[in-house]
Amino acid sequence: MEDLIKKVAGHIAAAKHLVALTGAGISVESGIPPFRGKGGLWEKFDPMEVGHIQSFMRNPEKVWRLLISEMRDVLVSAKPNAGHLGLARLEELGILKTVITQNVDGLHQMAGSRDVVEFHGNFAWLRCMDCGSREQTVDIDLSQMPPKCGCGGIYRHECVFFGEMIPPKELDRSQIAASTCDLMLVVGCSAVVQPAAFMPVIAKQSGAMVIEINPEPTPLTGTTSTILVKGKAGKAMREITAEVERIIAAKRQQ
Ligand code: OAD
């Protein structure tokens, strides 16, 4: 494992334009459950029942009660872990240019990452479905279900539901980032939800190397990605970032 960490750090230190694609796995060590796999949200809820826009339109109260109220406390109190902090450090070092995240938790920005594309939107803000006015999730009164705006319209999160398009600006920026990077790091992403899972494919087709960090292999492993660091994002990123810093310091002394 130590050799693999050194190898990955070597690729990162040599990269001119690193882009990261992150999924729910990077936030697991911050106490946020993933969607799939053991302990995942979709073990508890049917994604088509609570995660689809048509279910929300049919019965917003149910979706608010089942999913959103439960997630609010978890998301509002979560703090970045070594995975997020490692990526922010790589940006500070001038290597990492963009983080494309499928997560709606805002933890990359909290860790200090500046160029973050929120592919599936964010949980921090709500929007009235009638008048479009915005409100912070943390400020919303949950005694009324579903929460409503002063105009009487129902609030929804600025998250992308199943059945909705990816916001064009985010999709565009992600495709540009994927096609211009020379290395893509895919962290904590099951790579089964499209079009996010296609970003590493675009990177590979554009000539970039793709490296994954995940305790489990994914559909990208061995096909699109050439290296899988099999482990948790926090530990792996802490070790990789420390090694990248060592390589850079050694180069400066030469
Ligand atoms: P998933 O829940 O599908 O997958 C989480 C991935 O993280 C899996 O591959 C796990 O093996 C891995 N994992 C678990 N613990 C980890 C850890 N400590 N460190 C690193 N990896 C770990 O999450 P996503 O791939 O993000 O969509 O799911 C994609 C989309 O599916 C989400 O954005 C959401 C969901 O439905 C929408 O909300 C539209």
Those residues of region 182-207 which are away from the ligand (no atom under 13 Å from the Cβ) and either in contact (Cβ under 8 Å) with a residue 60 or more places away in the chain or of a type in the set (S, T, N, Q) (or both) amount to Asp182, Leu183, Met184, Ala203, Gln205, Ser206
Sole miss for Ser179 among (1) within 16 Å of the ligand (Cβ to nearest atom); (2) among the hydroxyl-bearing types (Ser, Thr, Tyr); (3) in contact (Cβ under 8 Å) with a residue 12 or more places away in the chain is condition (1)
Filtering region 40-54 for residues that are more than 9 Å from the ligand (Cβ to nearest atom) and touching a residue at least 60 places away in the same chain (Cβ under 8 Å) leaves a count of 4
Just one listed residue, out of Gly37, Gly25, is within 21 Å of the chain's Cα centre (by Cα), farther than 28 Å from Arg173 by Cβ and either touching a residue at least 24 places away in the same chain (Cβ under 8 Å) or within 16 Å of the ligand (Cβ to nearest atom) (or both), and it is Gly37
Test Ile176 against the criterion of being among the hydrophobic types (A, V, I, L, M, F, W, C) and part of a helix (DSSP H, G or I), and give yes or no. yes
When region 115-153 is checked residue by residue, the ones that are of a type in the set (Gly, Ala, Ser) and within 16 Å of the ligand (Cβ to nearest atom) are Gly121, Ala124
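Laboratory data are not the source of any read-out in this text; all were calculated from the coordinates shown. Predicted model only: the values in this text are computed from it and were never measured. Counting neighbours? That spans all protein chains shown, and the Cβs are built from the backbone with ideal geometry, glycine included.
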